[in-house]
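Notes to accompany the following structure.
Here, each number is a calculation from the coordinates, and none is a lab measurement. It should be emphasised that the depicted structure is a prediction, and the values quoted were computed from it without experimental measurement. Glycine gets a Cβ as well: all are built from the backbone with ideal geometry, and neighbour counts include every protein chain shown.
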Amino acid sequence: MPIQLNQVYYTYNLNRPDSKRALEDISLTFDDHCFTALIGKTGSGKSTLIQHLNALLLPDSGRVQINEHVLDFPVQVKKNGKVNYRKMKKLHKKKLPQVKEIRKTVGIVFQFPEYQIFEETVLKDVSFGPKNFGCTEEEAIEKAKKALTMVHLDESFYERSPFELSGGEKRRVAIAGILAMEPDILVLDEPTVGLDVRGQREFFHLIQDLYDQGKSIILATHQMDVVLRTCSRVIVLDQGKVVLDSTPLKLFQDKEFLSSSSIEPPIVFSFAMSLIERGMPIRLENIRSTSTLAEEIARVKGGKQ
Amino acid sequence: MRSKKKELELTKRDENIPLDSAIYLSNLSFGYETGKLNVKNVSVDIKKGERVSIIGHNGSGKSTLSKLIDGILVQNEGDIYIFGVKMTDENALILRKDIGLVFQNPDSQFIGSTVRDDIAFGLENNQVPYKDMDAIIEDCARKVDMEEYLKSEPSNLSGGQKQRVAIAGAIARRPKILILDEAGAMLDPKGKKEIRAIIKERKQEDPDLTILTITHEIDDAYDSDRVLVLNHGEIILDDRPEVVFENDDLLRSIHLDIPFSHKLAKVLRKNGVDVPEVKNDEELLEVLCPSN
């Protein structure tokens with residue numbers, strides 16, 4: 001089990017009048033080589049949860065385990081009988097030699113990752129991460145080149161300025177920057193927002209590729225068609241709690257849950273459901289995209305003729 | 001301040017432009033670098049009260065075109081006429097009073113510290129008397145269904161709500177033309193729906209309002225009277241949405257999506273299932289599996 005969260009609580013601005021609870025009693029396990037979707041409305045706690053996966057945020061209470069590295073709070077720092085959380089966290093952050101290891105294991109691609117590009121050339125930008133983790137210049141460049149190959153950017157891009165690339169290319173550079181640190185687990189927060197249809201399609205091929213190469217993928221997204229097409233597990237967050245942990249197939253059939261959580265199934269799926277309601281014997285479990293739906297309909301229609 | 005006479009002089013109509021024209025582009029060209037044109041020889045006549053969508057993929061030139069119409073960029077060649085008046089350096093500010101703009105990023109266009117302040121900003125700029133402001137602000141907030149949030153700060157609003165405030169700010173100035181430049185692109189599906197519903201409602205209440213939507217999402221183009229497809233800076237299709245969507249091969253070749261029913265019908269035919277042309281999902285459902 002590479003990632004395990006155990007009763008994780010997190011509150012922004014803890015013990016202050018403007019405090020806001022973001023995560024409540026989260027217990028989750030992410031297995032090796034998983035392809036998991038994380039869905040929920042804006043403000044449901046997705047981003048907060050993601051930041052716990054590589055120690056950008058530390059839980060107020062509970063335990064996060066990433067491989068053998070444990071993040072929890074054994075030390076109780078008390079002042080006038082009350083736990084001084086802020087001091088505790090400060091203390092704790094200093095005592096966390098495992099943070100570096102964790103960040104090597106889990107790579108996070110945030111929304112609009114291209115905003116984090118800053119170097120003059122593509123190669124320099126991508127090799128920044130490994131250099132930061134103590135690689136020599138040559139090693140870093142080696143890793144950068146490998147990462148750029150993984151995102152399908154060839155040698156002609158190495159010396160170009162990342163700022164003159166197209167939106168989709170920039171985003172691939174930013175992801176290469178994460179891949180260069182060779183994480184086993186890739187966490188992506190709304191990675192295709194703002195890309196056009198082609199950019200999105202290319203991007204999801206890329207993620208599928210990375211999964212096939214052995215990476216674990218955790219994907220926060222609003223795009224249900226992507227969830228249906230690629231993910232084997234789906235976790236729904238609402239107001240900081242896990243309200244569903246299931247498969248896309250089960251989620252999209254659960255009409256009651258969908259309407260209460262205002263999630264809309266992908267159009268392919270709802271269309272298939274309408275066909276079934278009208279009596280067409282198609283098998284929902286085979287449907288993941290427009291082309292698989294067409295194949296199912298052809299199978300049924302073909303049988304009749 | 002400019003004298004009324006001078007202002008009249010600056011906003012004289014060109015006799016050659018049709019009377020019912022809202023935005024008239026004539027042979028418009030623009031390039032960021034010399035030798036490369038991002039907008040190529042675009043000529044379009046958008047009529048008063050028309051609801052038009054410009055669709056194109058990232059890099060097709062649609063944002064550049066919208067910046068030219070907004071007056072943020074100045075064309076290398078060609079002319080822009082707003083209600084028949086040729087846009088020049090001198091009158092651009094006067095003409096832009098008729099244009100309301102809503103941009104992509106909900107955060108970068110929220111200027112005020114509260115919703116009320118934000119809507120007031122545009123009014124102050126247009127020198128609306130203070131005594132009239134409250135009524136206008138409340139009316140506009142109601143139109144975008146945000147009247148309960150007038151005292152709210154932007155940090156307490158969702159992306160969709162912020163964009164609705166941006167729309168309120170734009171319509172508060174009573175523009176005759178409303179331009180939405182990828183206004184839903186950064187929102188979740190719910191936010192996008194909210195924006196679409198608000199725009200539809202606006203149009204129903206004010207049929208004379210000319211609306212120009214710039215988008216790469218096909219769903220935004222569905223409700224339009226007319227769709228312009230842009231590729232490599234040129235308009236390659238200009239027709240009613242249902243006619244434009246017929247050209248699915250062309251649309252796909254320039255990396256635009258087509259509506260689901262068109263796509264499924266096409267793949268079905270490839271799989272040997274005989275399906276006639278359909279307009280929407282309901283029709284396709286009826287064709288495949290007639291209800292009793």
**Request:** Please give the net charge around residue A:250, taking every other residue with its beta carbon less than 15 angstrom from that of residue A:250, where Lys and Arg add +1 and Asp and Glu add -1.
**Result:** 0
**the protein assembly as shown: Rg to Rh, with Rh as the Kirkwood radius over Cα pairs** = 0.99
**Message:** Looking at chain A, identify the longest residue range that excludes and avoids all trypsin sites (Lys or Arg not before Pro) in DSSP loops having at most 14 other Cβ atoms within 10 Å.
**Reply:** A:96-277
**Asked** Tell me, what is the FRET efficiency for residue B:201 and residue A:241 to the nearest 0.05, using R0 = 45 angstrom and their Cβ-Cβ distance as r?
**Response** 0.85
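Please identify the DSSP H helices in chain B that span no less than 18 Å along the helix axis (Cα) and have a mean Kyte-Doolittle hydropathy of -1.0 or more. Before the final figure, lay out the partial values.
Numbers: long enough: B:130-143 (20 Å, -0.76); B:159-172 (20 Å, 0.27); B:189-205 (24 Å, -1.72).
Helices meeting the span and hydropathy rule in chain B are B:130-143, B:159-172.
Out of the trypsin sites (Lys or Arg not before Pro) in region B:102-197, which ones are loop residues according to DSSP with at most 11 other C-beta atoms within 10 Å? Don't skip to the answer; put the middle values down first.
Details: sites: B:116, B:131, B:142, B:143, B:151, B:162, B:164, B:173, B:176, B:190, B:192, B:193, B:196; in loops: B:151, B:173, B:176.
The qualifying sites are B:151.
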**Asked** Once you sort the root eigenvalues of the Cα gyration tensor of region A:266-305 as a ≥ b ≥ c, which label holds: rounded (a/c under 1.5), prolate (a/b larger than b/c) or oblate (the other case)?
**Response** oblate
**Prompt:** When Cβ neighbours within 10 Å are restricted to other protein chains, what is their mean count per residue of peptide A:194-207?
**Reply:** 4
**Fill in**
Relative contact order as a percentage, chain A, C-alpha pairs under 8 Å and 6+ apart, gives 20 percent
**Message:** I'd like to know which of A:58, A:227, A:132 lies farthest towards the positive end of the charge dipole of the protein assembly as shown, counting +1 on Cβ of Lys and Arg and -1 on Cβ of Asp and Glu.
**Reply:** A:58
**Prompt:** Viscosity 1.306 mPa s, temperature 10 °C: Stokes-Einstein D of region A:167-225 from its Kirkwood Cα radius, in µm² per second?
**Reply:** 134 µm²/s
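Between the DSSP loop rule and a limit of at most 13 other Cβ atoms within 10 Å, which trypsin sites (Lys or Arg not before Pro) in region B:253-292 are left? Please list the in-between numbers first.
On the way: sites: B:263, B:266, B:269, B:270, B:279; in loops: B:279.
Hits after loop and neighbour filter: B:279.
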**Prompt:** What percent of all Cα-Cα pairs in chain B falls in each 5 Å bin, counting up from 0?
**Reply:** 1, 5, 11, 14, 16, 15, 13, 10, 7, 4, 2, 1, 0, 0, 0
**Request:** Quote the charge dipole size of chain B about the Cα centre in Debye, to the nearest 20; the model charges only the Cβ of Lys and Arg (+1) and of Asp and Glu (-1).
**Result:** 620 debye
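So which GluC sites (Glu not before Pro) in region A:103-174 are both in a DSSP loop and have at most 11 other Cβ atoms within 10 Å of their Cβ? If you can, show how the numbers build up before the last one.
On the way: sites: A:114, A:119, A:120, A:137, A:138, A:139, A:142, A:155, A:159, A:164, A:169; in loops: A:119, A:120, A:159.
When the GluC sites (Glu not before Pro) of region A:103-174 are filtered for loop state and at most 11 Cβ neighbours within 10 Å, A:159 remain.
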**Request:** Pop a pseudo-label 7 angstrom from the Cα along the beta-carbon direction at both residue A:136 and residue A:20 and give the gap in nm to one decimal.
**Result:** 4.8 nm
**Item:** Added length on full extension, which subtracts the Cα-Cα distance from 0.36 nm per residue, residue A:182 to residue A:6
**Value:** 60.8 nm
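At 222 nm, what helix-only mean residue ellipticity would chain A give, in deg cm²/dmol to the nearest 500, using -39500 (n - 2.57) for each DSSP H run of four or more?
On the way: 12 runs with 124 residues, N = 305.
Result for chain A: -12000 deg cm²/dmol, rounded to the nearest 500.
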**Message:** Given axes a ≥ b ≥ c from the Cα gyration tensor, I'd like to know whether region A:212-305 is rounded (a/c under 1.5), prolate (a/b larger than b/c) or oblate.
**Reply:** oblate
**Asked** When the Karplus curve 6.51 cos²θ - 1.76 cosθ + 1.60 is applied with θ = phi - 60°, which whole-Hz ³J(HN,Hα) does each residue of region B:174-184 get, with x for Gly and Pro?
**Response** 6, x, 8, 10, 10, 10, 10, 9, 6, 5, x
**Asked** For residue B:125 and residue B:93 in one chain, what is 0.36 nm times their gap in residues minus the Cα-Cα distance, to one decimal in nm?
**Response** 10.4 nm
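Cβ under 10 Å from residue B:81's Cβ, residue B:81 left aside: what net charge do those residues give with Lys, Arg +1 and Asp, Glu -1? Intermediate values should be presented prior to the final figure.
Values: positive: B:13, B:86; negative: B:14, B:45, B:79.
Around residue B:81, the charge tally is -1.
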**Item:** Relative contact order %, chain B, counting alpha carbon pairs below 8 Å whose residues are six or more apart
**Value:** 22 percent
**Mean separation of Cα contacts under 8 Å (6+ apart) over length of region B:30-131, as relative contact order %** = 16 percent
**Cα-projected label distance for residue A:164 with residue A:255, points at 7 Å along beta-carbon direction, nm** = 5.7 nm
**Fill in**
Note, region A:259-273: 3J(HN,Hα) by Karplus (6.51, -1.76, 1.60, θ = phi - 60°), whole Hz, Gly/Pro = x, goes 6, 6, 9, 6, 9, 9, x, x, 4, 4, 6, 5, 5, 4, 4
**Fill in**
With label points set 7 Å from each Cα along the Cα-to-Cβ direction at residue A:72 and residue A:156, the distance between them in nm comes to 5.4 nm
**Asked** Karplus couplings for region B:215-227 from phi (6.51 cos²θ - 1.76 cosθ + 1.60, θ = phi - 60°), rounded to Hz, Gly and Pro as x?
**Response** 7, 10, 9, 4, 4, 5, 7, 3, 7, 6, 7, 8, 10
**Message:** Quick query: amide H of residue A:219 versus all other amide H atoms, modeled in the peptide plane; which residues come in under 5 Å with a sequence gap of 5 or more or a different chain?
**Reply:** A:36, A:37, A:38, A:188
**Asked** How big is region A:139-241 by the Kirkwood estimate over distinct Cα pairs, in Å?
**Response** 14.7 Å
**Peptide B:282-288, shielding by other chains (average Cβ, 10 Å cutoff)** = 3
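Taking the Cβ of residue A:162 as the centre, find all other residues whose Cβ is under 13 Å away and add up their charges (Lys, Arg: +1; Asp, Glu: -1).
Details: positive: A:124, A:160, A:170, A:171, A:172; negative: A:114, A:119, A:120, A:125, A:159, A:164, A:169.
Surrounding charge for residue A:162 is -2.
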**CD proxy at 222 nm, helix term only [per DSSP H run n ≥ 4: -39500 (n - 2.57); per residue of chain B; nearest 500]** = -11000 deg cm²/dmol
**Message:** Using only the alpha-carbon atoms, what does chain A span along each of its principal axes? Please give whole angstrom values in decreasing order.
**Reply:** 77, 55, 33
**Message:** As I understand it, the dipole of region A:191-305 uses +1 on the Cβ of Lys and Arg and -1 on the Cβ of Asp and Glu, about the Cα centre. Which of A:290, A:276, A:237 lies farthest toward its positive end?
**Reply:** A:276
**Fill in**
Per the charge dipole of the protein assembly as shown (beta-carbon charges, Lys/Arg positive, Asp/Glu negative, Cα centre), the residue among B:38, A:246, B:57 reaching farthest to the positive end is A:246
**Request:** Rounded, prolate or oblate: pick one for region B:50-136, where a ≥ b ≥ c are the square roots of the eigenvalues of its C-alpha gyration tensor, a/c under 1.5 means rounded, and failing that, prolate if a/b is larger than b/c, else oblate.
**Result:** oblate
**Relative pair counts by distance (%), Cα atoms of region B:141-247, 10 Å bins** = 13, 43, 31, 10, 2
